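Engineer: Can you read through this structure? Questions will come right after.
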Amino acid sequence: MSKYTLPPLQEDSTVTSVLEPELSQGKFQDKKPQQPSVLRPKLACKVNYYQDQLIFSQDGRDFAFQVNSQSGKILKKFISLMDGTKSLTELQQMFSANNSELFNTIVRHLDEHNLLDDVAQVRVNSGIDTLLELEDLTTELLNQQVDENLFLKSIKSETSQLPINVVYGFLIEHYHFITQQCCFDSPGLSFQSSTKVRQLLNERYTQEYRQDQELVMAALNAIGISREQLADTMPLPETMGMCNALTYWANFEPLFFLSTLGFLAGQTRNNFEFYSKACERVELDSGFINPIRQLANSKLKLEPENLSRRIFQEIPHIDRQTKQRFRGQTYLFVEIYNNFYTAIWNHYSSASHLLRRVSAI
């Protein structure tokens, strides 16, 4: 049994913060690099009190602290309060600064022998706060990649002209994306955690899905591409990659999937607005441009608010581990999104045929 002799207990005096420098040498501070005010020590052992000893026992190990009658009484109270409900600062404020060496010694030794846990204050992240963090991260990551994405860079330029095949290819890939939309929208329509969220998703689905498909189809019909031809056409791998990722998240990480809806809607709305202007610069036929212009205008009217924000207002809290997981998935999401537009430029800017026909394989 390890034994420690504690210094004598002195009379009460003014309280000061004394534990931080002492604990900086121990393991307790290293486990969680937080301020002492939020460290909440909790005994990870059993304690037996004797007239001249405090014995701490854990898994067959015993550690004894020699005390006198006066210090034993105070230490019993001090130990009983180390239950994870009070911070170190709060514990300090209950005892005398003149006894700082006594408390420093016992806490340091308990820490060094892994007899303490840290029960930190639980941070509750509201749904909307978590979403705003994810939005900021998404925007930051996308901005880092825009200069290298020739499609996104060109479409936002007021002077550049997109190659005609890229103009058409953009719409072809969006048609494929829209036709796959039911795969990742439908799981959300039965979202179990909130009736209000289900209502918001159902409103979006019924308003947007059929209208988008018909307007895109009308524009493609104007350049001689029929629905039957598109049924015999393969989307780019990156297009299916984005659809498959969203479908996976919708089924297995529904809350993260919902966090992407506002971003996707906003970016699609902006991209179609830029796209309609790009079509006008190329001076395409009105039969192609008019449905595109109508689609861009309808998106501006349809979703003036961020759908994800409306949804996450209904989510009361998200735990820290879940938020961290969502941040990691955001990196993957932005990469997939960026690859989708990069592939449109890379393929259609050099393709000799617009349609990748399945029957030609």
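The values are calculated or read from the model by the stated rules, or taken from the named source; none is laboratory data. Not measured: the values here are computed from a predicted model. Ideal geometry is used to build each Cβ from the backbone, glycine not excepted, and the neighbour counts take in all protein chains shown. All accessible areas refer to the heavy atoms of the entire protein, side chains included, with ligands and DNA or RNA removed. Shrake-Rupley method; radii C 1.70, N 1.55, O 1.52, S 1.80 Å.
Engineer: If you roll a 1.4 Å probe over region 127-360 with all protein chains in place, what percent of the accessible area is carbon or sulfur? Please list the in-between numbers first.
Structural biologist: On the way: 5210 of 10990 Å².
Looking at region 127-360 in its full context, I get 47 percent from C and S.
Engineer: If you average the alpha carbon positions of region 123-190 and of region 225-298, how far apart do those two centres end up, in angstrom?
Structural biologist: When both Cα centres are located, 9 Å separates them.
Engineer: Assuming a ≥ b ≥ c are the square roots of the Cα gyration tensor eigenvalues, decide whether region 248-361 counts as rounded (a/c under 1.5), prolate (otherwise, with a/b larger than b/c) or oblate. Don't skip to the end; give the middle numbers.
Structural biologist: Details: a/c = 2.85, a/b = 1.56, b/c = 1.82.
Since a/c reaches 1.5 but b/c is at least a/b, the shape of region 248-361 is classed as oblate.
Engineer: R0 = 30 Å: FRET efficiency of K77 with N125, Cβ-based, nearest 0.05? Write out the running numbers ahead of the final one.
Structural biologist: Details: r = 36 Å, r/R0 = 1.18.
Between K77 and N125 the formula returns 0.25.
Engineer: Work out, step by step, the length gained on full extension between Q161 and K42: first 0.36 nm times the residue separation, then minus their alpha carbon distance; give nm to one decimal. Don't skip to the answer; put the middle values down first.
Structural biologist: On the way: separation 119, 0.36 × 119 = 42.84 nm, distance 6.60 nm.
Once the chain is fully extended between Q161 and K42, it gains 36.2 nm.
Engineer: Further question: Calculate the dipole size of region 136-190 relative to its Cα centre from +1 charges on Lys and Arg beta carbons and -1 charges on Asp and Glu beta carbons; express the result in debye to the nearest 20. Provide the component values of the computation, followed by the final result.
Structural biologist: Details: 2 positive and 7 negative charges, 41 e Å.
Around 200 debye, computed over region 136-190.
Engineer: With the other protein chains left in place, how much accessible area per residue, in square angstrom, belongs to region 127-360 at a 1.4 angstrom probe? Spell out each step's value before the answer.
Structural biologist: Numbers: 10990 Å² over 234 residues.
Accessible surface, normalised per residue, equals 47 Å².
Engineer: As an exercise, use a Förster radius of 56 Å and the Cβ-Cβ distance of E335 and D117 to find the FRET efficiency, rounded to the nearest 0.05. Write down the numbers at each step before the final one.
Structural biologist: Values: r = 38 Å, r/R0 = 0.69.
Calculated transfer efficiency: 0.90.
Engineer: Now a separate question. By the gyration tensor of its Cα atoms, with a ≥ b ≥ c the square roots of the eigenvalues, what is the shape of region 169-327: rounded for a/c under 1.5, prolate for a/b over b/c, or oblate? Don't skip to the end; give the middle numbers.
Structural biologist: On the way: a/c = 2.22, a/b = 1.80, b/c = 1.23.
Because a/c hits 1.5 or more and a/b exceeds b/c, region 169-327 counts as prolate.
Engineer: So, in nm, how far is label Q267 from label Q321 when the simple model puts each one 7 Å beyond its Cα toward the Cβ?
Structural biologist: If labels sit at Q267 and Q321, their model points lie 2.9 nm apart.
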